[in-house]
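Since the structure comes first, as structure tokens, the remarks are kept for the end.
The values are calculated or read from the model by the stated rules, or taken from the named source; none is laboratory data. Values in this document were obtained by computation on a predicted structure and should not be read as measured data. When we count neighbours, we look across all protein chains shown, and the Cβ atoms used for this are built from the backbone with ideal geometry, even at glycine. For accessibility, only protein heavy atoms count, side chains too; no ligands or nucleic acids. Shrake-Rupley method; radii C 1.70, N 1.55, O 1.52, S 1.80 Å.
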Amino acid sequence: MKINTREMILVSFFATLTIIGAKVSLNLPYVPASLQLVFCCFAGILLGARLGMLSQLIYMVIGLIGIPVFSKPIAGPQYILQPTFGYIIGFIVAAYVIGFIRERYNKIFIAILVGIIVDYIIGVSYMYGIINLYIGKVMTIQAALMVGFVPFILKDIFVGVIVSIIATATIPALKSAGLLKVSRK
């Protein structure tokens, strides 16, 4: 993957924003409420599929090498066995999907909504698997949805609306300044 200095800085900036979003969190039983998804959405919308995904991948790698950047105070490779790790994997895929839809179709809110759904599918599925297969507790799919989806979906749809409004207002200025690639409609 060829990447220039400006792109490196932007990718690093959005990885850092995701770290900040992880630290602004409310600890709930299995899944903390945080602002990570806000910056994942912005990364996909503003950086595009490839760079948005890279920013979230870098965020994950920083945590897996042992730097405490996740919303829970655990770092290192053992975090893979945490029920919430699937949401972090979901950020990577969601940023790519959001960027892809924005680049191809320029449908900002739809891109964000699809990205949020992708993150939930990966996150809730991963949590369900870790709790049932690794932790050894029994959790039904309905219980996984009640813990990892229901408490957050309204907040995240609201976040999607806010990100869409901000992105819609800023994208024309970023394009005219040559800081954002033009959509391939």
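At a threshold of 8 angstrom on Cα-Cα distance, excluding pairs fewer than six apart, so keeping six or more, what relative contact order does the stretch 60-106 reach in percent? Don't skip to the answer; put the middle values down first.
Values: 27 pairs, mean separation 11.5, N = 47.
Reported as a whole number, the value is 24 percent.
Evaluate the relative contact order of the chain (contact order divided by residue number), counting alpha-carbon pairs under 8 angstrom at least 6 apart; express in whole percent.
21 percent
Rolling a 1.4 Å sphere over the protein heavy atoms, what is the accessible area per residue of the chain, to the nearest Å²?
Details: 9170 Å² over 185 residues.
Per-residue value: 50 Å².
Between Rg and the Kirkwood Rh of the stretch 73-185, both from Cα atoms, what is the Rg to Rh ratio? Could you put the intermediate results ahead of the total?
On the way: Rg = 16.9 Å, Rh = 15.6 Å.
That ratio equals 1.08.
Say each of Thr140 and Thr5 gets a label point 7 Å from the Cα, pointing the same way as Cα to Cβ; how far apart are those two points in nm?
For Thr140 paired with Thr5, the spin-label model returns 5.9 nm.
Which value in deg cm²/dmol, rounded to the nearest 500, describes the helix-derived mean residue ellipticity at 222 nm for the chain, given -39,500 (n - 2.57) per DSSP H run of n ≥ 4 and division by the residue count?
So the calculated ellipticity at 222 nm is -23500 deg cm²/dmol.
What list of ³J(HN,Hα) values in whole Hz, one per residue of the stretch 75-80 in order, does the Karplus curve 6.51 cos²θ - 1.76 cosθ + 1.60 (θ = phi - 60°) give from phi, with Gly and Pro shown as x?
My calculation for the stretch 75-80 gives 9, x, x, 5, 5, 4 Hz in order.
Connecting C-alpha atoms closer than 10 Å in a GNM of the chain, tell me which of Leu54, Leu37, Leu81 has the biggest fluctuation.
Highest fluctuation of the listed residues: Leu81.
What residue among Ser25, Ser71, Ser55 has the largest mean-square fluctuation in a Gaussian network model of the chain, using Cα springs under 10 Å?
Most flexible of the set in this elastic network: Ser25.
Can you tell me the convex hull volume per residue for the stretch 38-111, based on C-alpha atoms, in Å³ to the nearest whole number?
It is 72 Å³ per residue.
Could you work out the percent of alpha carbon pairs in the stretch 14-78 separated by over 17 Å, rounded to a whole number?
Values: 811 of 2080 pairs.
Within the stretch 14-78, distances greater than 17 Å cover 39 percent of Cα pairs.
Mean Kyte-Doolittle of at least 1.0 and a Cα length of 18 Å or more along the axis: which whole DSSP H helices of the chain meet both?
Passing helices, by number: 5-23, 36-64, 85-105, 108-129, 150-176.
Between the stretch 81-104 and the stretch 1-70, how far is it from one alpha carbon centroid to the other, in angstrom?
So the separation of the two Cα centres works out to 10 Å.
Pairs of alpha-carbon atoms within less than 8 angstrom and 6+ residues apart define the contacts here; what relative contact order does the stretch 80-185 have, in percent?
RCO, the stretch 80-185: 33 percent.
Of all accessible surface on the stretch 72-167 at a 1.4 Å probe, what whole percent is carbon and sulfur?
Exposed carbon and sulfur together represent 77 percent of the surface.
Rg and Dmax of the stretch 1-138, using alpha carbons, in Å: what are they?
14.6, 48
Determine the alpha carbon to alpha carbon distance for each of Lys2/Lys175; Lys2/Lys72; Lys107/Lys155 and list only those over 25 Å.
Table pairs above 25 Å Cα-Cα are Lys2/Lys72.
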